[in-house]
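Beneath this line is the structure, given in structure tokens, with notes to follow.
The values are calculated or read from the model by the stated rules, or taken from the named source; none is laboratory data. As the structure is a computational prediction, the values presented were derived from the model and not from experiment. Don't worry about glycine lacking a Cβ; one is built from the backbone with ideal geometry, like all the others, and counts go over all protein chains shown.
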Amino acid sequence: MKLLQVRNATVLLTLGEHRLLVDPMLSEVGAMSGFKFFGGGRRNNPLVPLPPASGEALETVTGVILTHEHPDHLDGPGLRWIKERKLPVWTNGVDAPNLVRKGLGGRVHIPDDGEELSFARTAASAHAPPRPAAGERPGVQKWLTAPFAGT
């Protein structure tokens, strides 16, 4: 199994010969209005561009998994991209009827409708830096990103 983080919730999952795009948010930077949850100003979404190699990686996709239909998980360009490629989409029973109305028709599948999505357990390892000492407050973001920043 391989995972390629594209942006936000958009991930390319490779399982054997299957290459599944999870939550395709494919808009240009700033194309959608921002989300306001915890105060402060809104920043238009997406916040970052698609990675340079994403075009090549997206050409290999064999299907789509949509966790839920929020605009930061499926946007207009993502929907058009799925339609153009006539890809199968696996989603939940709540969002499936709306995806059919949006033109995905018979390509929408609900995993519990007789199909099964299963994942085998595999060994994995991750590195996390030691927790800060009592009284030391480097901030959660710095602590979580330390393995990537080399600190």
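Could you list all residues from the stretch 4-18 that are aliphatic (A, V, I, L, M) and out of contact with any Asp or Glu (no Cβ under 8 Å at 6 or more places or on another chain)? Break it down stepwise before answering.
Step one: list which residues in the stretch 4-18 are aliphatic (A, V, I, L, M), which gives 4, 6, 9, 11-13, 15.
Leu4, Val6, Leu12, Leu13, Leu15 - these are the residues of the stretch 4-18 that are aliphatic (A, V, I, L, M) and out of contact with any Asp or Glu (no Cβ under 8 Å at 6 or more places or on another chain).
Just to be sure, is Glu56 among the acidic types (Asp, Glu), at pLDDT 55 or above and either under 16 Å from the mean Cα position of the chain (by Cα) or closer than 26 Å to Glu28 by Cα (or both)? Please lay out each step first, then the result.
Values: among the acidic types (Asp, Glu): yes; at pLDDT 55 or above: yes; either under 16 Å from the mean Cα position of the chain (by Cα) or closer than 26 Å to Glu28 by Cα (or both): yes.
Yes, satisfied.
Select from the stretch 49-73 the residues that are without any contact (Cβ under 8 Å) to a residue 40 or more places away in the chain and acidic (Asp, Glu) and list them in ascending order.
Glu56, Glu59, Glu69 - these are the residues of the stretch 49-73 that are without any contact (Cβ under 8 Å) to a residue 40 or more places away in the chain and acidic (Asp, Glu).
For the stretch 50-102, which positions are surrounded by 13 or more Cβ atoms within 10 Å (Cβ to Cβ), touching a helix residue (DSSP H, G or I) at 6+ places or on another chain (Cβ under 7 Å) and either in a helix (DSSP H, G or I) or not aliphatic (A, V, I, L, M) (or both)?
Answer for the stretch 50-102, where residues must be surrounded by 13 or more Cβ atoms within 10 Å (Cβ to Cβ), touching a helix residue (DSSP H, G or I) at 6+ places or on another chain (Cβ under 7 Å) and either in a helix (DSSP H, G or I) or not aliphatic (A, V, I, L, M) (or both): Glu69, Leu79, Ile82, Lys83, Pro88, Thr91, Lys102.
Checking Gly139 against (1) at pLDDT below 90; (2) under 20 Å from Leu12 (Cβ atoms); (3) exposed (fewer than 14 other Cβ atoms within 10 Å of the Cβ), which test does it fail?
Exception for Gly139: condition (2).
Restricting to the stretch 3-19, name every residue that is touching a Ser or Thr at 6+ places or on another chain (Cβ under 7 Å) and among the basic types (Lys, Arg).
Selection gives Arg19 alone.
Just a yes or no: is a residue in the stretch 112-135 modelled with pLDDT of 90 or more and small (Gly, Ala, Ser)?
Just the residues of the stretch 112-135 that are modelled with pLDDT of 90 or more, to begin with: none.
Looking for residues that are modelled with pLDDT of 90 or more and small (Gly, Ala, Ser), one finds none in the stretch 112-135, hence no.
For the stretch 67-88, which positions are modelled with pLDDT of 95 or more and among the hydrophobic types (A, V, I, L, M, F, W, C)?
Matches in the stretch 67-88: Leu79, Trp81, Ile82, Leu87.
Being touching a residue at least 12 places away in the same chain (Cβ under 8 Å) and among the acidic types (Asp, Glu) is the filter here, so list the residues in the stretch 74-103 that pass it.
Of everything in the stretch 74-103, those that are touching a residue at least 12 places away in the same chain (Cβ under 8 Å) and among the acidic types (Asp, Glu) turn out to be Asp75, Asp95.
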